[in-house]
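The values are calculated or read from the model by the stated rules, or taken from the named source; none is laboratory data. Just so it is clear, the structure is predicted and the values come from calculations on it, not from any experiment. Note that each Cβ is placed from the backbone with ideal geometry, even for glycine, and that neighbours are counted across all protein chains shown. Keep in mind that these areas ignore ligands, DNA and RNA; they rest on the heavy atoms of the full protein, side chains included. Shrake-Rupley method; radii C 1.70, N 1.55, O 1.52, S 1.80 Å.
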Amino acid sequence: MASDRKLFKFEEVENHNKTKDCWLIIAGKVYDVTPFMDDHPGGDEVLLSATGKDATNDFEDVGHSDSAREMMDKYYIGEIDASTVPAKRTYIPPQQPNYNHDKTPEFIIKILQFLVPLLILGLAFAVRHYTKKE
Ligand code: HEM
(Lines give C-alpha, C1' and ligand atoms only; values in the text may rest on other atoms or scores of the structure.)
Protein backbone atom coordinates (compact mmCIF):
# COMPACT_ATOMS: atom_id res chain seq x y z
CA MET A 1 0.00 0.00 0.00
CA ALA A 2 2.70 2.42 1.05
CA SER A 3 4.36 2.37 -2.38
CA ASP A 4 1.29 3.55 -4.32
CA ARG A 5 0.53 6.41 -1.95
CA LYS A 6 -0.10 9.49 -3.99
CA LEU A 7 1.52 12.67 -2.76
CA PHE A 8 -0.67 15.71 -3.32
CA LYS A 9 0.32 19.33 -3.36
CA PHE A 10 -1.88 21.66 -1.32
CA GLU A 11 -2.82 23.53 -4.51
CA GLU A 12 -4.26 20.32 -5.95
CA VAL A 13 -6.37 19.65 -2.88
CA GLU A 14 -7.69 23.07 -1.91
CA ASN A 15 -10.00 23.48 -4.91
CA HIS A 16 -11.97 20.35 -4.12
CA ASN A 17 -14.26 22.38 -1.94
CA LYS A 18 -17.73 21.61 -3.20
CA THR A 19 -20.51 19.30 -2.05
CA LYS A 20 -20.03 17.17 -5.15
CA ASP A 21 -16.24 17.26 -4.90
CA CYS A 22 -14.91 17.53 -1.38
CA TRP A 23 -11.40 16.68 -0.22
CA LEU A 24 -10.06 17.04 3.31
CA ILE A 25 -6.57 17.18 4.77
CA ILE A 26 -6.43 15.49 8.16
CA ALA A 27 -3.22 14.54 9.94
CA GLY A 28 -1.11 14.65 6.78
CA LYS A 29 -3.54 12.52 4.79
CA VAL A 30 -5.93 13.46 2.01
CA TYR A 31 -9.50 12.16 2.01
CA ASP A 32 -12.08 12.39 -0.74
CA VAL A 33 -15.25 12.52 1.32
CA THR A 34 -17.55 13.32 -1.63
CA PRO A 35 -19.51 10.04 -1.27
CA PHE A 36 -19.83 10.70 2.48
CA MET A 37 -21.27 14.22 2.32
CA ASP A 38 -24.92 13.17 2.67
CA ASP A 39 -24.16 10.58 5.35
CA HIS A 40 -21.79 12.52 7.60
CA PRO A 41 -23.57 12.76 10.98
CA GLY A 42 -22.14 16.25 11.47
CA GLY A 43 -23.59 17.40 8.14
CA ASP A 44 -21.98 18.44 4.87
CA GLU A 45 -21.56 22.11 5.82
CA VAL A 46 -18.87 21.37 8.42
CA LEU A 47 -17.00 19.22 5.93
CA LEU A 48 -17.13 22.01 3.36
CA SER A 49 -15.89 24.51 5.91
CA ALA A 50 -12.91 22.24 6.58
CA THR A 51 -11.73 22.28 2.95
CA GLY A 52 -8.84 24.36 1.65
CA LYS A 53 -6.87 24.03 4.87
CA ASP A 54 -5.38 21.55 7.26
CA ALA A 55 -8.55 20.26 8.93
CA THR A 56 -6.76 18.23 11.59
CA ASN A 57 -7.76 20.52 14.44
CA ASP A 58 -11.35 20.79 13.22
CA PHE A 59 -11.56 17.01 13.06
CA GLU A 60 -9.95 16.49 16.47
CA ASP A 61 -11.97 19.23 18.18
CA VAL A 62 -15.15 17.25 17.54
CA GLY A 63 -13.74 14.22 19.37
CA HIS A 64 -14.61 11.72 16.65
CA SER A 65 -15.17 8.15 17.79
CA ASP A 66 -12.92 5.21 16.90
CA SER A 67 -15.51 4.00 14.43
CA ALA A 68 -15.38 7.42 12.71
CA ARG A 69 -11.60 7.07 12.46
CA GLU A 70 -11.90 3.57 11.01
CA MET A 71 -14.36 4.91 8.47
CA MET A 72 -11.73 7.35 7.20
CA ASP A 73 -9.78 4.57 5.46
CA LYS A 74 -12.59 4.29 2.94
CA TYR A 75 -12.03 7.86 1.79
CA TYR A 76 -8.23 7.94 1.94
CA ILE A 77 -6.71 8.90 -1.41
CA GLY A 78 -3.14 9.92 -0.53
CA GLU A 79 -0.74 12.02 1.47
CA ILE A 80 -0.27 15.77 1.52
CA ASP A 81 3.11 17.28 0.76
CA ALA A 82 3.48 19.15 4.06
CA SER A 83 5.87 21.70 2.56
CA THR A 84 3.07 22.97 0.28
CA VAL A 85 0.58 23.61 3.08
CA PRO A 86 0.53 27.32 3.90
CA ALA A 87 1.46 28.20 7.45
CA LYS A 88 -1.50 28.71 9.72
CA ARG A 89 -2.94 32.15 9.43
CA THR A 90 -2.16 33.78 12.70
CA TYR A 91 -4.09 36.76 13.92
CA ILE A 92 -1.94 39.84 13.68
CA PRO A 93 -3.32 42.49 16.00
CA PRO A 94 -3.38 46.10 14.84
CA GLN A 95 0.15 47.34 15.20
CA GLN A 96 0.54 48.80 18.62
CA PRO A 97 3.55 51.07 17.84
CA ASN A 98 1.71 52.66 14.91
CA TYR A 99 -1.33 53.14 17.03
CA ASN A 100 0.72 54.93 19.66
CA HIS A 101 2.48 56.91 17.01
CA ASP A 102 -0.79 58.19 15.68
CA LYS A 103 -1.80 59.28 19.14
CA THR A 104 0.65 62.16 19.30
CA PRO A 105 -0.59 64.07 16.23
CA GLU A 106 -4.14 63.20 17.19
CA PHE A 107 -3.57 64.77 20.57
CA ILE A 108 -2.05 67.89 19.02
CA ILE A 109 -4.95 68.20 16.58
CA LYS A 110 -7.41 67.98 19.46
CA ILE A 111 -5.61 70.78 21.33
CA LEU A 112 -5.51 72.89 18.17
CA GLN A 113 -9.20 72.31 17.56
CA PHE A 114 -9.79 73.79 20.96
CA LEU A 115 -7.17 76.56 20.81
CA VAL A 116 -7.74 77.93 17.30
CA PRO A 117 -11.38 79.02 17.89
CA LEU A 118 -10.27 80.54 21.20
CA LEU A 119 -7.52 82.50 19.45
CA ILE A 120 -9.95 83.72 16.78
CA LEU A 121 -12.40 84.74 19.49
CA GLY A 122 -9.62 86.52 21.39
CA LEU A 123 -8.52 88.26 18.21
CA ALA A 124 -12.09 89.34 17.50
CA PHE A 125 -12.41 90.80 20.98
CA ALA A 126 -9.08 92.57 20.67
CA VAL A 127 -10.01 94.10 17.33
CA ARG A 128 -13.38 95.18 18.70
CA HIS A 129 -11.78 96.62 21.78
CA TYR A 130 -9.23 98.71 19.85
CA THR A 131 -11.65 99.85 17.14
CA LYS A 132 -14.12 101.01 19.83
CA LYS A 133 -11.50 103.24 21.48
CA GLU A 134 -10.87 105.06 18.23
C1 HEM B 1 -13.02 11.64 6.73
C2 HEM B 1 -13.40 12.55 7.61
C3 HEM B 1 -14.55 12.38 8.57
C4 HEM B 1 -15.25 11.26 8.93
C5 HEM B 1 -15.08 9.82 8.44
C6 HEM B 1 -16.23 11.68 9.92
C7 HEM B 1 -17.14 10.83 10.53
C8 HEM B 1 -18.01 11.22 11.51
C9 HEM B 1 -18.86 10.31 12.26
C10 HEM B 1 -18.91 8.80 12.09
C11 HEM B 1 -19.56 11.05 13.14
C12 HEM B 1 -20.56 10.53 14.20
C13 HEM B 1 -19.97 10.69 15.60
C14 HEM B 1 -18.73 9.81 15.78
O15 HEM B 1 -18.81 8.62 15.52
O16 HEM B 1 -17.70 10.38 16.20
C17 HEM B 1 -19.20 12.43 12.93
C18 HEM B 1 -19.73 13.48 13.60
C19 HEM B 1 -19.36 14.80 13.42
N20 HEM B 1 -18.33 15.24 12.66
FE21 HEM B 1 -17.24 14.13 11.38
N22 HEM B 1 -16.11 13.01 10.14
C23 HEM B 1 -15.10 13.48 9.34
C24 HEM B 1 -14.62 14.75 9.27
C25 HEM B 1 -15.10 15.82 10.00
C26 HEM B 1 -14.56 17.15 9.98
C27 HEM B 1 -13.34 17.62 9.19
C28 HEM B 1 -15.34 17.88 10.81
C29 HEM B 1 -15.25 19.34 11.20
C30 HEM B 1 -14.95 20.29 10.40
C31 HEM B 1 -16.36 17.03 11.34
C32 HEM B 1 -17.34 17.42 12.20
C33 HEM B 1 -18.25 16.59 12.78
C34 HEM B 1 -19.32 17.05 13.64
C35 HEM B 1 -19.62 18.51 14.04
C36 HEM B 1 -20.00 15.92 14.05
C37 HEM B 1 -21.24 15.89 14.91
C38 HEM B 1 -20.96 15.62 16.32
C39 HEM B 1 -22.28 15.52 17.05
O40 HEM B 1 -23.21 16.25 16.70
O41 HEM B 1 -22.34 14.67 17.93
N42 HEM B 1 -16.18 15.77 10.83
N43 HEM B 1 -18.25 12.50 11.95
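Structure above, values below:
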read-out	value
Output for the stretch 21-35, where each listed residue is in contact with a Leu (Cβ under 9 Å, 6 or more places away or on another chain) and open to solvent by 30 Å² or more (accessible area, probe 1.4 Å)	32
Residue pairs meeting the criteria (Cβ under 7 Å; at least 6 apart or on separate chains; first closer than 24 Å to residue 86 by Cα and at pLDDT 95 or above, in the stretch 34-54; second near the ligand (Cβ under 10 Å from one of its atoms) and open to solvent by 50 Å² or more (accessible area, probe 1.4 Å))	50/58
Pairs, first free of Cβ contacts under 8 Å to residues at least 60 places away in the same chain in the stretch 55-66, second surrounded by 10 or more Cβ atoms within 10 Å (Cβ to Cβ) and not acidic (Asp, Glu), C-beta under 7 Å, six or more apart	55/24; 55/25; 55/26; 56/26; 56/27; 58/50; 59/26; 62/42
Of residues in the stretch 6-16 being open to solvent by less than 70 Å² (accessible area, probe 1.4 Å) and not aliphatic (A, V, I, L, M), the one nearest to residue 86 (Cα to Cα)	10
Condition check for residue 88: open to solvent by 80 Å² or more (accessible area, probe 1.4 Å), under 16 Å from residue 25 (Cα atoms), out of contact with any Leu (no Cβ under 8 Å at 6 or more places or on another chain) and modelled with pLDDT of 75 or more	no
Residues that are among the acidic types (Asp, Glu), near the ligand (Cβ under 8 Å from one of its atoms) and surrounded by 12 or more Cβ atoms within 10 Å (Cβ to Cβ), drawn from the stretch 41-85	58
